[in-house]
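Accompanying notes for the structure given below.
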Amino acid sequence: MKKNGMQPMDYIAYLHRDQKSDFGVSFPDFPGCVTAGRTSDEARTMAVEALSLQIQGMLEDGVALPNASMLEALENDPARMGAVAFRVTIEAAS
């Protein structure tokens, strides 16, 4: 549902954690867009911010956004190994 020219967008993120480190988040549809947090909740909050900034920058640069991957299509993604997949919803200008 659009509000004030904003459209919700959902993308999949991977939550990773190696022993003795923070929780990391990566996005299979946005290579190089990563963030982290001391707790899983903080990492999920940071994921929204990181993805929002990535998309904002792409839109400002006139770069087309990728279609959101379906979770089933990422079943064999090596980056998903040992990670928890979750959806990140952001509001982006349409």
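Applying the condition of being among the hydrophobic types (A, V, I, L, M, F, W, C) and assigned to a loop (DSSP other than H, G, I, E, B) to region 77-94 and asking which residue is farthest from the chain's Cα centre (by Cα) yields Met81.
The set of residues in region 28-76 being surrounded by 15 or more Cβ atoms within 10 Å (Cβ to Cβ), touching a helix residue (DSSP H, G or I) at 6+ places or on another chain (Cβ under 9 Å) and either assigned to a helix (DSSP H, G or I) or not β-branched (Val, Ile, Thr) (or both) consists of Pro28, Phe30, Cys33, Ala36, Gly37, Leu74.
Throughout, read-outs are computed from the coordinates displayed, never taken from laboratory work. Nothing here was measured: the structure is a model prediction, and the numbers come from that model. As a convention, Cβ positions derive from the backbone with ideal geometry for all residues, glycine included, and neighbour counts pool all protein chains shown.
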